[in-house]
Amino acid sequence: MNAPTILTGDRPTGPLHLGHFVGSLRQRVALQHTHSQFVLIADLQGLTDNGSNPQKIRDNIPEVLADYLAAGIDPNLTTVCLQSALPALAELTMLYMNIVTVARVERNPTVKNEIAQKGFARSLPVGFMAYPISQAADITAFKAECVPVGDDQLPMIEQTNEIVHKMNSLLPAPVLRHCKAMLSDTSRLPGIDGSAKMSKSLG
């Protein structure tokens, strides 16, 4: 298969909902017929704001997987992975953390918005602050060339490519691939309170 490799996925913080179906699941079902597609159940990233309730993440892993299958994601066409079952992703995250500054993570508008939305203030978990670095590790480990995202995730792709550029400059020869965003043709559905996008984390 010569089509670009795709990586996408979800944090298992709750059951998937209509917003996921409209914004990403339908697209994944179509892409699995034309691309090499990996879907990551990002349980470690789910812990970044649920560290005191790991059972919530554990319980939602099979729920998210069941939602994938129900939506039409075919395990014969799409490789579904559990993040915590791939320790190399955590190792790569740690390596990348040593070349990304706190100031750079703080400038990420997506992270800033989510910190404000969740009301963390000084109780902000370090893992949550650094989750864009974890996402970069996921993307580069799978050698993904296209990453389906919403508009709010574009800063994550930008930061991933910065990490790729920096790492490649430190190596004898480039080994990491740059990636590009694949935007959905459907805009995000609003939450029922009208104040944010529909979100399983916000209930």
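The values are calculated or read from the model by the stated rules, or taken from the named source; none is laboratory data. From a predicted model like this one, the values you see are computed outputs, not experimental measurements. A quick note on method: Cβ atoms are made from the backbone with ideal geometry, for glycine too, and the neighbour counts reach across all protein chains shown. Just so you know, the surface numbers come from the protein's heavy atoms only, side chains and all, with ligands and any DNA or RNA stripped out. Shrake-Rupley method; radii C 1.70, N 1.55, O 1.52, S 1.80 Å.
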### Task
Estimate the FRET efficiency between Gln55 and Leu77 by the formula 1/(1 + (r/R0)^6), using the beta-carbon distance for r and 25 Å for R0, to the nearest 0.05.
0.20
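Tally the DSSP beta bridges in the chain and give the antiparallel ones as a percent, rounded to 5.
Expressed as a percentage, antiparallel bridges in the chain total about 5.
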### Query
Considering only Cα-Cα distances, which of the following residue pairs are longer than 27 Å: Lys118/Lys166; Lys143/Lys166; Lys112/Lys166; Lys112/Lys180; Lys56/Lys166?
Lys118/Lys166; Lys56/Lys166
### Query
Between the stretch 94-108 and the stretch 137-167, what's the alpha-carbon centroid distance in Å?
14
### Summary
Taking 0.36 nm per residue of separation between Asn98 and Asp152 and subtracting their Cα-Cα distance, the length gained on full extension comes to 16.9 nm
### Message
Can you give me the % of accessible surface on the chain that is carbon or sulfur? Probe 1.4 Å, all protein chains present, nothing else counted.
### Response
59
## Note on the structure
Rounded to whole Å², per residue accessible area for the chain with a 1.4 Å probe reads 52
### Message
Looking at the chain as a GNM with Cα springs under 10 Å, which of Thr101, Thr110, Thr13 has the largest mean-square fluctuation?
### Response
Thr101
### Query
Looking at (i) 0.94; (ii) 1.05; (iii) 0.96, which value of Rg/Rh (Cα atoms, Kirkwood Rh) comes from a calculation on the structure shown?
(i)
### Query
For Asn108, what is the net charge nearby, where nearby means another residue's Cβ is under 10 Å from its Cβ and Lys, Arg count +1, Asp, Glu -1?
0
### Message
If the elastic network links every pair of Cα atoms under 10 Å, which of Ala121, Ala144, Ala130 fluctuates the most in the Gaussian network model of the chain?
### Response
Ala121
### Summary
Subtracting the Cα-Cα distance of Ser169 and Phe120 from 0.36 nm times their residue separation yields 14.1 nm
### Query
Picking from Asp185, Asp43, Asp138, which is most flexible by a Gaussian network model of the chain using Cα springs under 10 Å?
Asp185
### Task
Provide the net charge surrounding Phe128, with neighbours chosen by a C-beta distance below 14 Å and charges set as Lys +1, Arg +1, Asp -1, Glu -1.
+1
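Assuming 0.36 nm per residue, please report the length gained on full extension of the stretch Ala90 to Ser184 beyond their Cα-Cα distance.
Fully extending the segment from Ala90 to Ser184 adds 31.0 nm.
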### Message
Helix-only estimate, please: 222 nm mean residue ellipticity of the chain, summing -39500 (n - 2.57) across DSSP H runs of length 4 or more and dividing by its residues, to the nearest 500.
### Response
-12000 deg cm²/dmol
